[in-house]
1. Go over the candidates 142, 138, 83, 146 one by one and state the one that is out of contact with any Pro (no Cβ under 9 Å at 6 or more places or on another chain), closer than 22 Å to residue 59 by Cα, in contact (Cβ under 8 Å) with a residue 12 or more places away in the chain and hydroxyl-bearing (Ser, Thr, Tyr).
2. Sort out which residues of the stretch 53-87 are over 13 Å from the mean Cα position of the chain (by Cα) and closer than 22 Å to residue 109 by Cβ, and write them in order of number.
3. Provide a single number: the residues in the stretch 76-122 that are under 18 Å from residue 33 (Cβ atoms) and either assigned to a strand (DSSP E or B) or not aliphatic (A, V, I, L, M) (or both).
4. Looking only at the stretch 35-74, which residues are assigned to a loop (DSSP other than H, G, I, E, B), of a type in the set (S, T, N, Q) and exposed (fewer than 14 other Cβ atoms within 10 Å of the Cβ)?
5. Return the residues of the stretch 88-115 that are loosely packed, with under 11 Cβ neighbours inside 10 Å and not small (Gly, Ala, Ser); say none if nothing qualifies.
6. Quick one: is residue 28 surrounded by 12 or more Cβ atoms within 10 Å (Cβ to Cβ) and touching a Ser or Thr at 6+ places or on another chain (Cβ under 9 Å)?
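No lab work stands behind these numbers, since they all come straight from the coordinates. The model shown is predicted, which means the values in this text are computed figures rather than measured ones. A quick note on method: Cβ atoms are made from the backbone with ideal geometry, for glycine too, and the neighbour counts reach across all protein chains shown.
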Amino acid sequence: MKDVKDLWLKFNEYSNKLTVALGRTSNVVGEYAEYLSHQYYGGRLLEISGASADIEASDGTLYQVKSRKIKSSPTTQLNVIRSWDFDFLVVILFEASGAIKKAIQVPVEVAKEYGVPNSHQNGWVITTNKKFLNDHRSIDISMQLSALNK
């Protein structure tokens with residue numbers, strides 16, 4: 001059992017270091033996705049407490065970033081969207097190893113079509129099913145973000 005304890009301690013050590021390095025919240029997967037997106041789009045990261053966008057590009061385009069670390073099927077439910085006040089939804093699905101499995105840029109009008117109202121969470125949720133992930137109106141940015149993730 002010492003191995004498990006050692007792994008737990010190392011996990012927390014590196015998780016805490018990553019949280020400090022990203023400098024925002026303890027949601028490491030979400031913050032890293034925003035970090036990669038910011039590296040790709042440029043501009044500035046917006047305040048954490050904002051209900052809509054996470055990144056404002058230099059041309060004023062607003063991006064909302066949602067992510068998940070998945071183990072097998074890419075079908076998962078994204079965190080709640082509380083406002084549609086952005087131009088593009090960026091969805092990044094990470095493999096268990098941390099590699100990018102899929103990353104897409106979805107126009108807000110398309111994202112709205114997939115959003116399902118959730119009164120309990122006071123917003124909308126999107127499930128990353130095959131139809132959503134392969135919608136021809138979205139842009140696959142997996143290769144570009146994978147290059148930044150190496």
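1. 83
2. As a first pass, look at the stretch 53-87 and keep what is over 13 Å from the mean Cα position of the chain (by Cα): 56-62, 71-75, 82-87.
Scanning the stretch 53-87 gives 56, 57, 59, 60, 61, 62, 82, 83, 84, 85, 86, 87.
3. Result for the stretch 76-122: 24.
4. 49, 58, 72, 73
5. 109
6. In short, yes.
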